[in-house]
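For reference, the structure is listed below as structure tokens.
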Amino acid sequence: MKYVRTLTLTFFAQLLLIGMACAQVHGTAAEAKTLAEKGIAHIKAVGVDKAFEDFTAKDGKWQDKDLYIFVIKYDGTMMAHGANKALVGKPMLEMKDANGVPFTAEMAKLAKTKGTGWVDYMWPNPLTKKTEQKSSYAIAIPNYEGFLGVGIYK
């Protein structure tokens, strides 16, 4: 009986550690919002060109866990992307999620009309390789025709 109890405790301890490790890989909504607000402050401090270059650089300053900054003009052009530099300059406005939701257009509309907010959509998670619920915090960039975003997997 003692052996079974030890195995059971060991099993649950391992599950707890796995859960903690997974939690540390994914950023939270609060962390995403904070990163987005820091991004806006950086744009105000150094200007859009330098900030967009910084956000796209893979030096870790603008990436945290699975969080990164992206910037999209209201016409849909990707201006910065902290996870995939190849997307910079590409049109994104017509991009749709797995359910056909034009999430980039929704983020642009939200940023234009309300200034900030969350947009939910389904997107492939690069860690699990499964389509999962994602939410991006979009925030209008002052004196610029676009928005900055940071997304989380729920």
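The values are calculated or read from the model by the stated rules, or taken from the named source; none is laboratory data. Predicted, not measured: the structure shown is a model, and the values here were computed from it. Quick reminder, even Gly has a Cβ in these numbers, built from the backbone with ideal geometry, and neighbours come from all protein chains shown.
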Number of positions in the range 116-134 that are free of Cβ contacts under 8 Å to residues at least 40 places away in the same chain, in a loop (DSSP other than H, G, I, E, B) and more than 13 Å from the chain's Cα centre (by Cα): 3
Inter-residue pairs, beta-carbon under 9 Å, first outside any helix (DSSP H, G or I) and in the range 24-47, second of a type in the set (A, V, I, L, M) and exposed (fewer than 15 other Cβ atoms within 10 Å of the Cβ), 6+ apart: His26/Leu127
Output for the range 31-66, where each listed residue is β-branched (Val, Ile, Thr) and surrounded by 14 or more Cβ atoms within 10 Å (Cβ to Cβ): Thr34, Ile40, Ile43, Val48, Thr56
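Being closer than 22 Å to Trp118 by Cβ, modelled with pLDDT of 90 or more and in contact with a helix residue (DSSP H, G or I) (Cβ under 6 Å, 6 or more places away or on another chain): is that true of Ala36 here?
On the way: closer than 22 Å to Trp118 by Cβ: yes; modelled with pLDDT of 90 or more: yes; in contact with a helix residue (DSSP H, G or I) (Cβ under 6 Å, 6 or more places away or on another chain): no.
No; evaluated as a whole, the condition is false for this residue.
Only one residue in Gly76, Gly89, Gly82 is within 16 Å of Ala111 (Cα to Cα) and either surrounded by 14 or more Cβ atoms within 10 Å (Cβ to Cβ) or over 16 Å from the mean Cα position of the chain (by Cα) (or both). Which one?
Working: Gly89 fails: within 16 Å of Ala111 (Cα to Cα); Gly82 fails: within 16 Å of Ala111 (Cα to Cα).
Every option except Gly76 fails the conditions.
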Residue list for the range 122-152, restricted to those being out of contact with any strand residue (DSSP E or B) (no Cβ under 6 Å at 6 or more places or on another chain) and surrounded by 14 or more Cβ atoms within 10 Å (Cβ to Cβ): Tyr144
The one condition in (1) assigned to a loop (DSSP other than H, G, I, E, B); (2) more than 16 Å from the chain's Cα centre (by Cα) that Lys109 fails to fulfil: (1)
Cross-chain or 6+ apart pairs with Cβ under 6 Å, the range 70-85 first and without any contact (Cβ under 8 Å) to a residue 12 or more places away in the chain, then surrounded by fewer than 18 Cβ atoms within 10 Å (Cβ to Cβ) and not polar (S, T, N, Q): none
Verdict on Ala98 being under 18 Å from Tyr153 (Cα atoms) and among the small types (Gly, Ala, Ser): yes
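Of all residues in the range 73-106, count the ones that are of a type in the set (Val, Ile, Thr) and more than 25 Å from Lys129 (Cα to Cα). Break it down into steps so the answer makes sense when it comes.
Step one: filter the range 73-106 for residues of a type in the set (Val, Ile, Thr), giving 77, 88, 101, 104.
Then keep just the ones that are more than 25 Å from Lys129 (Cα to Cα); that gives 77.
So the answer is 1.
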